Every structure is written in C-alpha cells, then in structure tokens.
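The values are calculated or read from the model by the stated rules, or taken from the named source; none is laboratory data. Keep in mind that what you see is a predicted model, and the values were worked out from it rather than measured. Note that each Cβ is placed from the backbone with ideal geometry, even for glycine, and that neighbours are counted across all protein chains shown. The protein model used for the area step is the full one, side chains on, heavy atoms only, and it has no ligands, DNA or RNA in it. Shrake-Rupley method; radii C 1.70, N 1.55, O 1.52, S 1.80 Å.
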Amino acid sequence: MAVISDHSKNPHHHGTLDQGAKVLLNNPTCGDVIELSLLMKEDKIADIAFSGEGCTISVASSSMMTDAVIGKTKEEAFYLASLFSKMVQGQENLETNELGDAAFLSGVSKFPQRIKCSTLGWNALKKALEIEK
Ligand code: ZN
C-alpha cells in the first residue's frame, strides 16, 4: 500500500535527539532494530525521533507512530499504543482514527509473523515514556 511504502522510504521524525530518553529495542525474529529518542515537556511529547534498521513494516510503523504521538500527553500516548496493539492483533470494531496513518496497518493482523515488526516502535515508545518524566 502506498501510504506504508511512503513512510518506509521517507520516514518522518527520523534521526536522534540530543536530549531526552533513549531506548534501543530489537525484534530478533525479523532483525529489526530501533533507537528511539523521546523528549517530554510539561507532560507532553515535545519531540520524538527514531533511527535504526528494519523491514518496511517496522520502519513505516515507527514513522506513523511518531506522527500519531507527538504533542500528546503520556496518558494519551499509552492509550494509542494499546489501541494500535489491539488493532494489529485483529480486534474488531475499534475506533482507530486517532492513530492517523498508523490505522493503515490494520492488515498486519492477517500476517501474524509481522505483528512484532509493527509493534516494535510502539514498544520502544512505551519504554521511553517509562524512563522520561
Ligand atoms: Zn520486521
């Protein structure tokens, strides 16, 4: 799908931040690696960036995740992460508009071996939110 390949080829918020929390996470089943930087200010995600190597799904999903959570509070970001996780595990009747482009990854639920690729960025986000105040 075009939206997914666009995010994969030209990922948004790609790079690293000088400040904030850093999390390195990998998905051994596919070889995806992500380094996520997260900066909180006044309980909101002020800036976020990621780098690393990964398959199309993992890079696209991380790019979509950064778009979805920037400017959100910690609570909202945790909510979006759990919403995304439910969506790719195939839960139906979810209201996924808030996920933005990440909602395009709902089809991953049909490919169980790719679920970990799609949740890698979101899992890194959750870890970074736990570190960063
Ligand atoms: Zn992967």
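Details
- Selection of region 53-94 for residues being within 14 Å of the ligand (Cβ to nearest atom) and surrounded by 20 or more Cβ atoms within 10 Å (Cβ to Cβ) yields Gly54, Ile57, Ser58, Val59, Ala60, Ser61, Ser62, Ser63, Val88.
- The residue that is farthest from Pro11 (Cα to Cα), among those in region 30-52 that are within 11 Å of the ligand (Cβ to nearest atom) and of a type in the set (Val, Ile, Thr), is Val33.
- Those residues of region 27-45 which are open to solvent by 50 Å² or more (accessible area, probe 1.4 Å) and either touching a Ser or Thr at 6+ places or on another chain (Cβ under 6 Å) or without any contact (Cβ under 8 Å) to a residue 24 or more places away in the chain (or both), in sequence order: Pro28, Val33, Glu35, Lys41, Glu42, Asp43, Lys44
- Complete set of residues in region 95-114 that are within 13 Å of the ligand (Cβ to nearest atom) and surrounded by fewer than 17 Cβ atoms within 10 Å (Cβ to Cβ): Phe111, Pro112, Gln113
- Residues satisfying the stated conditions in region 1-23, i.e. open to solvent by 60 Å² or more (accessible area, probe 1.4 Å) and touching a residue at least 60 places away in the same chain (Cβ under 8 Å): Met1, Lys22
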